[in-house]
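Below is one structure, written out as C-alpha cells; comments come after it.
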Ligand SMILES: NC(=O)c1ccc[n+]([C@@H]2O[C@H](COP(=O)([O-])OP(=O)(O)OC[C@H]3O[C@@H](n4cnc5c(N)ncnc54)[C@H](O)[C@@H]3O)[C@@H](O)[C@H]2O)c1
C-alpha cells in the first residue's frame, strides 16, 4: 500500500510535460497517486515520467492532442486497464496565443477554444462514467485569473478561461449527489514555459517582470509546485464538501485594483 494524501488514487493529469502539470505530477506521485500523464510533447512527457519513476512513483504516459475525442478515450482506457479505475482528473493543458479581437483569426479562436475548453468537455465525458462506477471522484480544471480580470490582447484565451468556470459549475451541480466534485483553479503569474514564451514575444523578461510586479501583489511569479499544493487539496478527500468552486492561487492578483 502506498502512503500519502492521494494514496492509491488513480489520477489523470494533462499538460504534464511542463510547468503546472509537471509540478503537480511530481507532487501527486510523492503523495502516493498512480498517474496517467498526458501531453502532445512525448519527449518532455517522458522526462516527467522518468523523474517520477526515479523517486519510486508509478505512472503511465499517453502522447496525444487533448482537443481530440480519441485522446480522451485512450487516456481513460489506460487508467482503467493499468490501474483498475479512475478517481481524479486534472484538466490542465492549455495554450495562450496573444491577439485582440481584430487580430485573432478564426483558426486561432477555434484552436484556443478546442485546446483550452473543449478538451475538458471531452475528457469529462469519458471520465465521469468511470468515476460513477467507483462512487465518486474529483475533477479539477485549470482556468486563470484572466477568467475574472483581463487586459487587451487575450480575446480567445480570456473567453476560453471564463468558459471553464461555467463548465465546472455545471458539472458540479449535476453530479454533486453522485459523489463527483468539480472545481477550477485560477493561477496568477506562474514561472513556466508559457510565460517564458510571452517574455520572448515582449523582448525579454526585463520587459515582462514590471507587469508581473504591478499585477501580482506577491511581487513575483508563483512556482508550479506552489500551484500544485492547491490542486492537491482539491484532489484529496480533505476538500470533500468543496464543489463548483474556483480557487484563486494568484499571489493577490484578483484582490488588487
Ligand atoms: N503560467 C501561468 O502564468 C498561468 C497562469 C494562469 C493559468 N495558466 C494555465 O495553466 C495551464 C498550464 O500552463 P503552464 O503555464 O504550465 O504552461 P506550459 O506551456 O509550461 O505547459 C502546458 C503544457 O500543455 C501541453 N499542451 C498544450 N496544448 C496541448 C494539446 N493540444 N494537447 C496536449 N498537450 C498540450 C504543452 O505541451 C505543455 O506541456 C494552462 O491551462 C494555462 O493556461 C498558466
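Worth pointing out:
- Working from label points 7 Å from Cα in the Cα-to-Cβ sense, the residue 240 to residue 81 distance is 3.4 nm.
- With Cα atoms, 0 to 90° folded angle of helix 193-202 axis to the chain main axis: 10 degrees
- Scattering from segment 14-100 was approximated by placing one identical point on each alpha carbon and applying the Debye formula without solvent; log10 I(q)/I(0) at 0.25 1/Å stands at -1.35.
- Counting beta carbons within 10 Å around each of 157, 209, 175, 229 and listing the fewest first gives the order 229, 209, 175, 157.
- Per residue, the convex hull spanned by the Cα atoms of segment 24-164 measures out at 114 cubic angstrom.
- Pairwise Cα distances in segment 155-257 exceed 16 Å for 65 percent of all pairs.
- You can think of it this way: the chain between residue 102 and residue 46 has 16.3 nm of extra reach, that is 0.36 nm per residue less the Cα-Cα gap.
- Proxy reagent accessibility, fewest Cβ within 10 Å first, across 121, 90: 121, 90
- With respect to the chain, whose longest principal axis is taken over its alpha-carbon atoms, helix 119-134 is tilted by about 20°.
- At R0 = 35 Å, FRET efficiency that the Cβ-Cβ distance of residue 202 and residue 110 yields, to 0.05: 0.85
- Ranked list, fewest to most other Cβ atoms within 10 Å of each Cβ, for 58, 206: 206, 58
- The chain: radius of gyration over Cα atoms, expressed as a fraction of 2.2 N^0.38 Å: 0.96
- Reciprocal mean inverse distance between Cα atoms of segment 84-169 - Kirkwood radius, Å: 13.7 Å
Read-outs throughout are calculated quantities, based only on the coordinates presented, and are distinct from any laboratory measurement. The model shown is predicted, which means the values in this text are computed figures rather than measured ones. Using ideal geometry, Cβ is built from the backbone for each residue, glycine included, and neighbour counts are taken over all protein chains shown.
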